[in-house]
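Below you'll find the structure, written out as structure tokens, and then a few comments.
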Amino acid sequence: MKKIFIALFLIVAFLIILIPFASSNPDGLEKVVETYGAHESQSPWNGIMADYSIFSIENQYVSTLVAGILGVIVVLITGLLVSKALAQKH
Amino acid sequence: MHIYDGLILNNTSIVLAVIMWIFSISIFVWSWKKAQQTYTRSITALLAISSAFVFAAQMINFPIAFGTSGHIVGGTFLAVLLGPYAAILSMTLVLGMQALFFADGGIVAFGMNMFNIAIIGGLSYFIIKALTRKNYSQKLFISSIFIASWVSVMLGAMITSVEISPAFTGGLGVTLPSMLMLYGIIGVGEGAITTVLLTSIQRLNPTILGGLSLLKGRTDKI
């Protein structure tokens, strides 16, 4: 368990440091869509924290950071559940 | 590279999306069984931690040419750390949370993304294994990590361009060359970052590199 908290701390530090440097340019797929103008339809689901931000937080940096940390925590917890399930036969 | 649902709009795309759902879920079940058989206690925390790291790393886009950015995918990274099967599970988990909470990658398109990113990424393990067969040189290991990362990104981009082609007037003739060109560059970033990450882990804490049995020549039961 201690390992998990150390990892959480390090990954959060990683986000705190690197989020300001992240490029907001479109990624490869988005660029192709932008350049050639895909026909697009409405998405049926827009998530809870679309674009990795939390709508109630105005500061973009904090908003992305909080969304990122929440995501990391959710992935950590589900990851532990998956490992537990995998281990069951042993 | 995450396909979003807005691009899945006509009947062809929807049929393709359903096929990919079925196909990817079948491979997921197979990987689950394989991962259970080859499970070792050492990956318990590692699976959760490396999934969380890949999630965070995918948030950080680095700029490439043409006003475009890319982020590390991390498929090969997970494959070396966790082995191919647990890597598929780990990346599926990351993709699932991205789709569910952040609408990064669609729900209808989830089977496609699972295949392009998680399954191809996990199976890139076998590229490294084939390249390093019976040869334990560190240089070869590093270059095969680079090659596997690049190839997995390119293969993913190639299949993505097929899957999104119905949304473009120009079809595959437009999506394939442009996707391959952009991801050819992003793949170099992927290869470089994956190589640096894995060699750093290898130096700092060699024991956690389960996949490094590749390097040490231990014939694992995979």
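The values are calculated or read from the model by the stated rules, or taken from the named source; none is laboratory data. Source: prediction; values computed, not measured. Because the Cβ atoms are built from the backbone with ideal geometry, glycine has one as well, and the counts that use them run over all protein chains shown.
All but one of (1) surrounded by 20 or more Cβ atoms within 10 Å (Cβ to Cβ); (2) farther than 25 Å from residue A:51 by Cβ; (3) in contact (Cβ under 8 Å) with a residue 60 or more places away in the chain hold for residue B:105, so report the exception by its number.
Residue B:105 satisfies all of (1) surrounded by 20 or more Cβ atoms within 10 Å (Cβ to Cβ); (2) farther than 25 Å from residue A:51 by Cβ; (3) in contact (Cβ under 8 Å) with a residue 60 or more places away in the chain except (2).
Residue under question is residue A:65, and the condition is that it be more than 9 Å from chain B (Cβ to nearest Cβ), in contact (Cβ under 8 Å) with a residue 12 or more places away in the chain, crowded, with 17+ Cβ neighbours inside 10 Å and of a type outside the set (Phe, Trp, Tyr); does it hold?
Considered against the rule, which asks whether it is more than 9 Å from chain B (Cβ to nearest Cβ), in contact (Cβ under 8 Å) with a residue 12 or more places away in the chain, crowded, with 17+ Cβ neighbours inside 10 Å and of a type outside the set (Phe, Trp, Tyr), residue A:65 comes out as yes.
What is the residue count in the stretch B:17-63 for residues that are facing another protein chain (nearest Cβ under 8 Å) and either assigned to a loop (DSSP other than H, G, I, E, B) or not small (Gly, Ala, Ser) (or both)?
Of the residues in that region, 15 qualify.
Here is a list of conditions, (1) surrounded by 20 or more Cβ atoms within 10 Å (Cβ to Cβ); (2) within 30 Å of residue A:42 (Cβ to Cβ), and residue B:11 meets all of them except one; can you say which number that is?
(1)
Yes/no matrix, rows are residues, columns are (1) in a helix (DSSP H, G or I); (2) over 14 Å from the mean Cα position of the chain (by Cα); (3) surrounded by 22 or more Cβ atoms within 10 Å (Cβ to Cβ):
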{"position": "B:129", "(1), (2), (3)": "yes, yes, no"}
{"position": "B:143", "(1), (2), (3)": "yes, yes, no"}
{"position": "B:157", "(1), (2), (3)": "yes, no, yes"}
{"position": "B:193", "(1), (2), (3)": "yes, no, no"}
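Residue A:70 fails exactly one of the following numbered conditions: (1) more than 9 Å from every other protein chain (Cβ to nearest Cβ); (2) under 27 Å from residue B:6 (Cβ atoms); (3) of a type outside the set (Val, Ile, Thr). What is the number of that condition?
If we test residue A:70 against (1) more than 9 Å from every other protein chain (Cβ to nearest Cβ); (2) under 27 Å from residue B:6 (Cβ atoms); (3) of a type outside the set (Val, Ile, Thr), just (1) comes out false.
For the stretch B:20-53, enumerate the residues that are over 29 Å from residue A:5 (Cα atoms), out of contact with any Asp or Glu (no Cβ under 8 Å at 6 or more places or on another chain) and surrounded by 14 or more Cβ atoms within 10 Å (Cβ to Cβ).
Within the stretch B:20-53, B:21, B:23, B:24, B:25, B:27 qualify.
Picking from B:156, B:187, B:170, which residue would you name as being within 14 Å of chain A (Cβ to nearest Cβ), within 30 Å of residue B:17 (Cα to Cα), modelled with pLDDT under 95 and touching a helix residue (DSSP H, G or I) at 6+ places or on another chain (Cβ under 7 Å)?
B:170 is the lone residue from the list that is within 14 Å of chain A (Cβ to nearest Cβ), within 30 Å of residue B:17 (Cα to Cα), modelled with pLDDT under 95 and touching a helix residue (DSSP H, G or I) at 6+ places or on another chain (Cβ under 7 Å).
For the condition within 18 Å of the chain's Cα centre (by Cα) and either more than 23 Å from residue B:187 (Cα to Cα) or among the acidic types (Asp, Glu) (or both), what is the one hit in A:60, A:42? Spell out how you get there, then give the answer.
Working: A:42 fails: within 18 Å of the chain's Cα centre (by Cα).
None of the other options fit; the residue is A:60.
Can you tell me which residue within the stretch B:72-94, out of those that are part of a loop (DSSP other than H, G, I, E, B) and either among the small types (Gly, Ala, Ser) or over 12 Å from the mean Cα position of the chain (by Cα) (or both), is farthest from residue B:117 (Cα to Cα)? So that I can check it myself, show each step before the final result.
Step one: list which residues in the stretch B:72-94 are part of a loop (DSSP other than H, G, I, E, B), which gives B:72-74, B:83.
With the extra rule that they be either among the small types (Gly, Ala, Ser) or over 12 Å from the mean Cα position of the chain (by Cα) (or both), the set shrinks to B:74, B:83.
Details: B:74: 9, B:83: 15 Å.
Residue satisfying both the conditions and the ranking: B:83.
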